[in-house]
Amino acid sequence: MGTTGSGEVIGSVAPSPAGLVATFRTSLADVDVTVLTDGERVDLIAELERLKGAAAAAQARATDAFRRSREAAAPQDAARSVGSQVALARRESPTLGDRFVGLSRALVHELPATMAALTDGTVGERHAVEVARETATLTRQDRTEVDRRLAPVIGRLSPKAAGRAARRVATELDAASVLRRMEAAVASRRVTVRPAPDGMAYLTVLGPLRDIVGAYAALQARARTVVGGQCPDEPADGRGAGAVMADTATRLMAGLAPGQVQPVEVQLVISDRALLGTGNPSSSVFTPARIPGHGPVPAPIARAWVRGADNASVWLRRLYTSPDGRDLVAMDSRRRLFTGLLRRMLVLRDDVCTTPWCDAPIVHADHTHPAHDGGATTYDNGSGTCARCNHVKETPDWSVAVVRDSPREIEIHTPTGHTYRSLAPPLLGWGTDPPPDPGRHPSVLESRLEALLAIA
């Protein structure tokens, strides 16, 4: 992935602001920390931290100026497009890009004291985020008053403490707006899942404080009963209270009885060598498996999952890969929409949204070259995207093109003329490096197989 613009000096042309910043950034690598005293090293760490705050302030000023420019030029397309372009520049998700656009607007126009502290490096970006979030429902006048009251102390506070202080003053100035915000927040209640280290995952329930605390207390009471041996229908089996709480919560949400198998399909991509010990002898039996959208799983764990599925149905589907085992073989369709196995192949190939740094789950199977412009419904022209990124690329002056088929790489052009590239991960995930076989060049049909396990 990359971006245009080198900031180089040509002839007598003065360097651009971006070029000056780039020169300073590269000069940091020349700082020889080995010749410093410990006191000087701590001073350097502190000054670099202040620099991060000052850089965030400069980013905020540039972002707000960019937003105002785009709103003046194309107000109907500015909202999503600006956030997505800022996200690409900051190498983060579009949601975080939108948040930074809003933060920049608040800092530049409504929170002058917080902006001054950020520019001076007294606070960091997290401080500014907390203050802006806790004052978001206030009028401009009240927001500025919160900012004024926090100015003498914000440099002494942690980001969370700054947020609490801003909330306290906001509640004093306009309790009604805070109450409206709390009432509106109820509508945003949801359940989300995200991967965690070591083959685990987080299941998060966002809901009203009273209900969540009550549910947590009920889980605690159940866990104490099970661990204490007072529950005849569920033995502890050596589990601690936390494990019992997790097992109870997931079982109840799935509507299962104790010991009942989860009736949901889980896709697991694993090489035939790692699963069965057959196939290419040069491949390792410890090659990790992958769950699309969630990441790698150690091969022994994957095999244990399959062996432990005594009461479940297990399907094996063979997937033909390219000769080096990196990519899936192309698949074609005459349909207008990506459905069935073709859509599943897109999800397996792209893993998460193809926009650089987005990492959102795939929601839309999208035509990279738009169907309304003659784009075919083919494996090569298909891309897995989130809903936001699919809609943004349809706004004026955005374009996406496939620049390489294997490994698949797409190129994104933004309205400001910047270019970003996104590379599809290897079939078994990033970090996979299939060893080449110099003595053999198999055809597609002879290339090695990968196994997709659908465990229900």
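Of everything in segment 85-115 that is free of Cβ contacts under 8 Å to residues at least 24 places away in the same chain and either over 20 Å from the mean Cα position of the chain (by Cα) or surrounded by 21 or more Cβ atoms within 10 Å (Cβ to Cβ) (or both), the residue that is farthest from Ser177 (Cα to Cα) is Val86. Residues in segment 343-366 that are assigned to a strand (DSSP E or B) and either free of Cβ contacts under 8 Å to residues at least 24 places away in the same chain or within 25 Å of Ile270 (Cα to Cα) (or both): His364, Ala365.
The condition of being surrounded by fewer than 16 Cβ atoms within 10 Å (Cβ to Cβ) and either of a type outside the set (Val, Ile, Thr) or over 24 Å from the mean Cα position of the chain (by Cα) (or both) holds for only one of Glu40, Glu125, that being Glu40. Within segment 279-302, residues that are surrounded by 17 or more Cβ atoms within 10 Å (Cβ to Cβ) and part of a strand (DSSP E or B) sit with their Cβ atoms under 9 Å from residues that are among the charged types (D, E, K, R) and modelled with pLDDT of 80 or more, at 6+ positions apart or across chains, in these pairs: Arg290/Asp351; Gly295/Asp351. His391: surrounded by fewer than 19 Cβ atoms within 10 Å (Cβ to Cβ) and either touching a strand residue (DSSP E or B) at 6+ places or on another chain (Cβ under 7 Å) or touching a residue at least 24 places away in the same chain (Cβ under 8 Å) (or both), yes or no? Criteria met by His391.
Taking the conditions (1) in the same structural domain as Ala241 (by TED's automatic domain parsing); (2) surrounded by 10 or more Cβ atoms within 10 Å (Cβ to Cβ) in turn, Met200 satisfies each one other than (2).
Picking from Arg126, Arg105, Arg164, Arg99, which residue would you name as being touching a Leu at 6+ places or on another chain (Cβ under 9 Å) and part of a helix (DSSP H, G or I)? Don't jump to the end; show me each part of the working.
Details: Arg126 fails: touching a Leu at 6+ places or on another chain (Cβ under 9 Å); Arg105 fails: touching a Leu at 6+ places or on another chain (Cβ under 9 Å); Arg99 fails: touching a Leu at 6+ places or on another chain (Cβ under 9 Å).
Selected residue: Arg164, the only one of Arg126, Arg105, Arg164, Arg99 that is touching a Leu at 6+ places or on another chain (Cβ under 9 Å) and part of a helix (DSSP H, G or I).
Do we find that Gly382 is surrounded by 15 or more Cβ atoms within 10 Å (Cβ to Cβ), modelled with pLDDT of 80 or more and within 27 Å of Val297 (Cα to Cα) in this structure? Taking the combined requirement at face value, the residue satisfies it. Total residues in segment 187-210 satisfying the condition of being over 30 Å from Pro288 (Cβ atoms) and touching a Lys or Arg at 6+ places or on another chain (Cβ under 9 Å): the figure is 3. Looking at segment 310-324, is at least one residue assigned to a loop (DSSP other than H, G, I, E, B), small (Gly, Ala, Ser) and modelled with pLDDT under 65? Yes, there is a match, as at least one residue in segment 310-324 is assigned to a loop (DSSP other than H, G, I, E, B), small (Gly, Ala, Ser) and modelled with pLDDT under 65. A single member of Tyr216, Tyr202 is within 30 Å of Val297 (Cα to Cα), among the aromatic types (Phe, Trp, Tyr) and in a strand (DSSP E or B), and it is Tyr202. Report, by residue number, each residue of segment 131-161 that is buried (at least 18 other Cβ atoms within 10 Å of the Cβ) and either in a helix (DSSP H, G or I) or outside the structural domain of Ala46 (by TED's automatic domain parsing) (or both). Result: Val131, Ala132, Glu134, Asp142, Arg143, Glu145, Val146, Asp147, Leu150, Ile154.
The values are calculated or read from the model by the stated rules, or taken from the named source; none is laboratory data. Just so it is clear, the model here is predicted, and its values are computed rather than measured. Positions of Cβ are backbone-derived with ideal geometry, glycine not excepted, and every protein chain shown enters the neighbour counts.
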